[in-house]
Amino acid sequence: QPQLVESGGGLVQPGGSLRLSCAASVFSIYTMGWYRQAPGKQRELVARITTGGDTNYADSVKGRFTISRDNAKKTVYLQMNSLKPEDTAVYYCNANTVIYGPKNYWGQGTQVTVSS
């Protein structure tokens, strides 16, 4: 079973920054994404990056968050700037591919709390 291990979450004040990392045991053929789930809400896509480097973002984070991937390190990053209280959630790393058959994997999640 492939593993995705997130790190970098924590408590930050509004307007602050955090950088999440996800180290993956599978990587090169996978679209990598970050999702989040706030209490009482459904899990939602935050940002996604394809194997070719194409990205897409939720409207709520455009201009504030940046997703990137380092194929040599098998790691995907989420740089989060200008954080708001509404960004508070558990953030999950996701790996998805349809090459050689559909596969979808999740990390265990990392808590991000934006509060003064």
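Figures for the structure shown
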read-out	value
Shape of region 5-52, Cα gyration tensor, a/c cut at 1.5	prolate
Stretch gain in nm, segment GLN1-SER116, where the contour uses 0.36 nm per residue and the Cα spacing is subtracted	37.5 nm
Relative contact order of the chain, pairs being alpha-carbon contacts under 8 Å that are 6 or more residues apart, as %	36
Heavy atoms of LYS74: accessible area, 1.4 Å probe, square angstrom to 10	90
Radius of gyration, Dmax [the chain; alpha carbons; angstrom]	13.5, 47
Rounded to 5, the percent of DSSP beta bridges in the chain classed as antiparallel	95
For the chain: accessible area per residue (Å², 1.4 Å)	53
Exposure of ARG69 as accessible area (Å², to 10), given a probe of 1.4 Å and all protein chains	40
Region 12-116 - percent of accessible surface contributed by carbon and sulfur, probe 1.4 Å	48
For PRO2, net neighbour charge (Lys/Arg +1, Asp/Glu -1) across residues whose Cβ lies under 13 Å away	+2
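The values are calculated or read from the model by the stated rules, or taken from the named source; none is laboratory data. Everything numeric here is computed off the predicted structure, so don't read it as measured data. Here Cβ is always computed from backbone atoms with ideal geometry, including for glycine, and neighbour counts include all displayed protein chains. When the accessible area is computed, the model is the full protein with side chains, heavy atoms only, and any ligands, DNA or RNA have been set aside. Shrake-Rupley method; radii C 1.70, N 1.55, O 1.52, S 1.80 Å.
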